[in-house]
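What follows is a single structure, written as structure tokens, with notes after it.
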Amino acid sequence: MKKGIKYSLIAVFVLLLIGVGGFFVWSQLTYEPSKELTTLVNIENIQHEDDAVILQPKKSNGKGIILYPGAKVEPEAYSYYGKKLAEDGYFVAIPHVLLNFSIFDQNRAKDIIEKYDNIKGWYIGGHSLGGVSAASYAYKHPKEINGVIFLGSYPTENDDFSEKELPMLSLYGELDGLSTKKKIAQTNHLLSKDAVVHEIKGGNHAQFGLYGKQKGDNKATITPKQQQDEMVRVTKEWLQKVSI
């Protein structure tokens, strides 16, 4: 091998290592639960099992909800939303995902479904990139999933539900700077025939979780709790209508 080619290969390899290492470090700089969350949920009492936040209902209705977190967002940031759903009898699991990107760990739902086999009906959802991953899982496992919940999110062109009857709920924020109203409108044709789309007036992207501000987002004109409570109310109403 000529020296020039050899040194070029070494240089490419070194750059690749630097790139992978840089991505790993960046992926670990996560959005942690905000002070707002700590006033609503006692984080110390949050149950963790098999690398997931588990919110158990006092009296189960036999149905479960799996929520994939947004990119680089800690699962605990969604525990208020999950806790409120658990109060209506739903078992809620919010998994940690590989490198804090659910797109690399889309099958986490499978592990949860297999472990908690006492649950007879499953819904899957997620925030932002988590919703993309949830939709992908639902598309590939139609017999396992009874419905999909999008929180400031939408499916990709590879997961076209337009000819399917799977219940779907899409919640989006009026002022979302990342999953914008335009992006939501442009992807609504990928939702199922039975989809319900709800706009949260004054809501933004980061307030679908409770982890503070996010780069690229717009400022909300409602409080985080107001957005969360509207999410809870609409989700519960939808679940009551579609629950099997």
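The values are calculated or read from the model by the stated rules, or taken from the named source; none is laboratory data. Bear in mind the structure is a predicted one, so any value in this text is a computation, not a measurement. Cβ atoms come from the backbone with ideal geometry, glycine included; neighbour counts cover every protein chain shown. Each accessible area value is taken on the protein alone, full model and side chains, heavy atoms only, with ligands, DNA and RNA left out. Shrake-Rupley method; radii C 1.70, N 1.55, O 1.52, S 1.80 Å.
Numbers at a glance
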{"read-out": "Residues of the stretch 113-156 satisfying the condition of being closer than 19 Å to Tyr90 by Cα, among the hydroxyl-bearing types (Ser, Thr, Tyr) and crowded, with 24+ Cβ neighbours inside 10 Å", "value": "Tyr123"}
{"read-out": "Per-region count, the stretch 163-189, residues farther than 15 Å from Lys140 by Cα and either polar (S, T, N, Q) or open to solvent by less than 40 Å² (accessible area, probe 1.4 Å) (or both)", "value": "15"}
{"read-out": "Of residues in the stretch 208-238 being surrounded by 15 or more Cβ atoms within 10 Å (Cβ to Cβ), touching a residue at least 40 places away in the same chain (Cβ under 8 Å) and assigned to a loop (DSSP other than H, G, I, E, B), the one nearest to the chain's Cα centre (by Cα)", "value": "Gly209"}
{"read-out": "Any pair with Cβ under 9 angstrom, 6 or more apart, that starts in the stretch 180-207 at a residue that is at pLDDT 95 or above and in a loop (DSSP other than H, G, I, E, B) and ends at one that is among the acidic types (Asp, Glu) and open to solvent by 70 Å² or more (accessible area, probe 1.4 Å)", "value": "Ser192/Glu163; Ser192/Glu165"}
{"read-out": "Filtered residue count, the stretch 33-56, keeping only those that are at pLDDT 85 or above and not hydrophobic (A, V, I, L, M, F, W, C)", "value": "9"}
{"read-out": "Residues that are within 15 Å of the chain's Cα centre (by Cα), free of Cβ contacts under 8 Å to residues at least 60 places away in the same chain and more than 28 Å from Glu230 (Cα to Cα), drawn from the stretch 84-125", "value": "Leu98, Phe104, Asp105, Asn107"}
